[in-house]
Amino acid sequence: MGESAARPLRADAERSVRAILEAAERVLSEDPHASMEQIASAAGVARTTIHRRFAHRQALIEALALSAARQLAQVVADGRPGTAPPLVALHRITANVLEVKTSWAFALSLPADPGSEAAALHEDIGQRCLTVLERARTDKLIDEAADLLWVRRVYYALLGESLHANADDTGLDPDALATRIIDTLLHGAGPRT
């Protein structure tokens with residue numbers, strides 16, 4: 001009986017934290033210097049609730065960065081970089097990443113502290129990207145002599161520029177944009193032969 005009584009409280013606590021993190025993303029995107037009180041108000045929670053969950057503003061920002069990194073890592077893993085056909089994996093991962101990066105732009109712009117869980121997640125994401133690029137090279141989608149670290153940098157740049165160019169476009173179609181990014185990555189801007 002005591003165990004079942006704890007579950008709703010836990011779910012309420014999780015919803016509260018999620019509401020705070022979502023509000024923090026919105027508020028801090030508009031004003032990076034916004035106060036904890038402004039974030040609490042936007043989350044629809046009492047100021048004491050936000051302070052109970054996060055001892056100080058930096059703790060909230062670290063939790064925000066970690067939550068976004070976890071979401072990003074999950075959508076990359078969902079693209080099955082090591083098992084799906086490379087072109088399929090690239091497309092899924094790219095579309096998924098575009099969605100997460102659009103929703104969590106502020107949080108994902110925060111530098112991860114070295115040695116933190118967020119930094120480890122970003123490192124894992126980078127490794128998964130190299131995995132799918134290596135598999136694409138094996139399938140002859142990428143030249144065998146290509147420097148995959150450079151290809152990954154170009155891919156990241158294409159993602160970043162696509163998000164920047166479409167920042168004000170609320171009708172962003174992640175699948176269409178993913179197709180464009182991958183086409184540019186694999187074929188460049190030269191004529192098709």
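The values are calculated or read from the model by the stated rules, or taken from the named source; none is laboratory data. Quick caveat, the model's predicted, so the values are computed rather than measured. Ideal geometry is used to build each Cβ from the backbone, glycine not excepted, and the neighbour counts take in all protein chains shown.
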Checking E99, E37, E30 in turn, the sole residue that is more than 19 Å from E134 (Cβ to Cβ) and assigned by TED's automatic domain parsing to the domain that holds D175 turns out to be E99
When restricted to L121, L108, the only residue in contact with a Lys or Arg (Cβ under 8 Å, 6 or more places away or on another chain), modelled with pLDDT under 95 and not assigned by TED's automatic domain parsing to the domain that holds E14 is L108
Those residues of segment 25-40 which are free of Cβ contacts under 8 Å to residues at least 60 places away in the same chain and either among the aromatic types (F, W, Y) or under 22 Å from L108 (Cα atoms) (or both) amount to R26, V27, E30, D31, H33, A34, S35, M36, Q38, I39, A40
Considering segment 13-57, residues that are of a type in the set (D, E) and not in a loop (DSSP other than H, G, I, E, B), and then whichever is modelled with the lowest pLDDT, we arrive at E14
Going through (1) in contact (Cβ under 8 Å) with a residue 40 or more places away in the chain; (2) over 30 Å from A176 (Cα atoms); (3) surrounded by fewer than 18 Cβ atoms within 10 Å (Cβ to Cβ) one by one, E14 fails only at (1)
Here the qualifying pairs (Cβ atoms under 9 Å; residues six or more apart or on different chains; first in segment 70-91 and of a type in the set (D, E); second part of a helix (DSSP H, G or I) and surrounded by 17 or more Cβ atoms within 10 Å (Cβ to Cβ)) come out as D78/R92; D78/I93; D78/N96
Log entry, pairs with first residue in segment 94-109 being farther than 14 Å from A77 by Cα and basic (K, R), second being surrounded by fewer than 20 Cβ atoms within 10 Å (Cβ to Cβ) and modelled with pLDDT under 90, beta carbons closer than 9 Å, six or more apart or on different chains, reads K101/L163
Going through segment 41-67 in order, the residues found to be over 23 Å from K101 (Cα atoms) and without any contact (Cβ under 8 Å) to a residue 24 or more places away in the chain are S41, A46, R47, T48, H51, R52, A55, H56
